[in-house]
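The values are calculated or read from the model by the stated rules, or taken from the named source; none is laboratory data. Quantities reported herein were computed from a predicted structural model and do not represent experimental measurements. All Cβ positions, even for glycine, are placed from backbone atoms using ideal geometry, and neighbour counts span all protein chains on display. Side chains are part of the model used for accessible areas, which takes the heavy atoms of the whole protein and leaves out ligands, DNA and RNA. Shrake-Rupley method; radii C 1.70, N 1.55, O 1.52, S 1.80 Å.
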Amino acid sequence: MPIVNLRLSHLGPLENITFAFDEQVNVFVGPNNCGKSTALTALGNIIACLFEVPSKLYRQTPAEFAIHCLGTHGESREFRGGLPIDVESTAHLHAWEDMLSTLGYTVFVPALRQSTGFRAPWSATAPTGDRFPPPPPQTSVRPRSPWESAEIPEELRRRRALLATDPVLIRDEVAIESMVELHSRAYRWNDPALHGIIAQVATIASEITEGFPMQFLRVAEDQEGLVPQFSTPDGDVPFNVLSQGTQSVMQWLTYVLAGYAKYYGYPTNLAAQPGVVIIDEIDAHLHPAAQRRVIPALQRHFPRLQIFCSTHSPLMLAGLKMSQ
């Protein structure tokens with residue numbers, strides 16, 4: 001269900017401000033140091049909940065928030081408190097769980113996206129008669145959360161099992177390991193729909209970077225390990241050979257879609273499921289023409305996602321309403 005508004009006080013450059021939100025698209029624009037990333041990070045901490053707001057954003061006066069969303073039947077629901085969120089109070093923790101259950105899938109994608117030559121490792125426990133392994137363990141470490149070792153409600157446990165969330169950086173390890181895991185699950189479960197998630201990442205990225213169509217081919221092997229391979233106009237290439245802009249888009253698309261599918265148990269009707277996606281610097285590394293295609297592509301494929309993002313590009317605003 002959509003988030004209606006968010007009030008933040010005493011956080012970074014934001015003294016006391018209320019944001020009213022559109023139910024589909026919300027783009028934060030403005031110069032550096034005006035608070036775009038602060039607002040998105042705070043929103044991500046409240047609804048994605050698997051990372052800490054950086055300590056540099058806190059002042060001597062405690063930070064506070066209030067967030068409103070719509071319930072299943074259109075009723076208004078409010079969740080308020082201080083940042084960091086108080087997890088010692090059982091009532092507060094269950095109120096948080098209730099809000100998250102109402103929203104459905106939520107994810108925060110930070111602005112920095114690192115590309116390397118990472119390979120997912122082989123496993124010694126590959127299925128008999130085939131070298132392809134079960135999903136490799138994730139190597140990225142999730143920053144400690146104040147409720148990491150607490151007796152937490154089931155909804156928070158469910159979210160803790162999703163991809164690691166960091167307030168600053170995602171790495172290509174996350175995308176590569178997620179694609180390898182999905183491919184392995186499809187192999188072991190004999191479920192072509194799981195391949196479809198990786199295929200959809202390539203399809204949406206192709207729409208955004210129009211003129212450079214891509215298709216997922218296979219998980220390939222080299223001496224260093226496993227890597228997703230794609231068919232492109234330049235031939236069949238591994239993930240890390242793609243351009244920085246293409247890799248950046250495919251990183252956050254994989255980050256969003258892999259968690260989206262996992263949260264709902266890999267359904268066949270993923271696009272029908274509600275969710276909230278927050279992407280800081282959504283236009284990073286993209287050509288101006290591609291920037292204009294990002295939000296329309298997301299809306300076409302996932303009409304029930306409420307989108308929050310920041311940008312420095314006026315081209316990202318083409319076709320949006322003032323309320324967005």
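Computing FRET efficiency as 1/(1 + (r/R0)^6) for residue 188 and residue 114, where r is the C-beta to C-beta distance and R0 is 35 Å, gives about 0.75. What's the angle, to the nearest 10 degrees (0 to 90), between helix 244-263's Cα axis and the longest principal axis of the chain? Once rounded, one gets 70 degrees. May I ask for the longest run of the chain untouched by trypsin sites (Lys or Arg not before Pro) that are loop-located per DSSP and have at most 13 neighbouring C-beta atoms (other than their own) within 10 Å? Maximal segment without exposed cleavage sites: 145-320. Label separation (residue 300 vs residue 243): 1.9 nm, computed from points 7 Å beyond Cα along the C-beta direction. Between segment 248-301 and segment 171-226, what is the C-alpha centre distance in whole Å? Here the answer is 14 Å between Cα centres. A Gaussian network model of the chain, with springs between Cα atoms under 10 Å, assigns the largest mean-square fluctuation among 290, 193, 111 to 193. The convex hull of the Cα atoms of segment 155-310, projected and averaged over all directions, covers 9.5 nm².
For segment 14-66, how big is Rg over Rh, using alpha carbon atoms and the Kirkwood form of Rh? Show your work: numbers first, answer last.
Numbers: Rg = 11.7 Å, Rh = 12.5 Å.
With Rg and the Kirkwood Rh in hand, the quotient comes to 0.94.
Would you mind getting me the FRET efficiency between residue 64 and residue 285? Use the beta-carbon distance for r and R0 = 41 Å, nearest 0.05. Efficiency, rounded to the nearest 0.05: 0.70. Here the gap between residue 268 and residue 95, fully extended at 0.36 nm per residue and compared with their Cα-Cα distance, gives a gain of 59.2 nm. Once a ≥ b ≥ c are taken as the square roots of the eigenvalues of the Cα gyration tensor of segment 181-264, is the result rounded (a/c under 1.5), prolate (a/b larger than b/c) or oblate (a/b not larger than b/c)? Cα axes put segment 181-264 in the oblate bin.
Two decimals is fine: what's Rg over Rh for the chain, C-alpha atoms, Kirkwood radius as Rh? We get a ratio of 0.96 for the chain. Positive contributions from Lys and Arg (+1) and negative ones from Asp and Glu (-1), summed over other residues with Cβ under 12 Å from the Cβ of residue 308, come out at -2.
In this label model, residue 73 and residue 222 are separated by 5.8 nm, measuring between points 7 Å along each Cα→Cβ vector. Taking the 0 to 90 degree range and rounding to the nearest ten, how far is the long axis of helix 192-208 tilted relative to the main principal axis of the chain, both from C-alpha atoms? Once rounded, the angle reads 70 degrees. Rolling a 1.4 Å probe over the protein chains gives residue 76 an accessible area of about 90 Å². When the helices of the chain are scored as -39500 (n - 2.57) per DSSP H run of n ≥ 4 and the total is divided over every residue, the value at 222 nm lands at -10000 deg cm²/dmol. Can you tell me the 0 to 90 degree angle between the C-alpha axis of helix 172-189 and the longest principal axis of the chain, rounded to 10? It works out to around 60 degrees.
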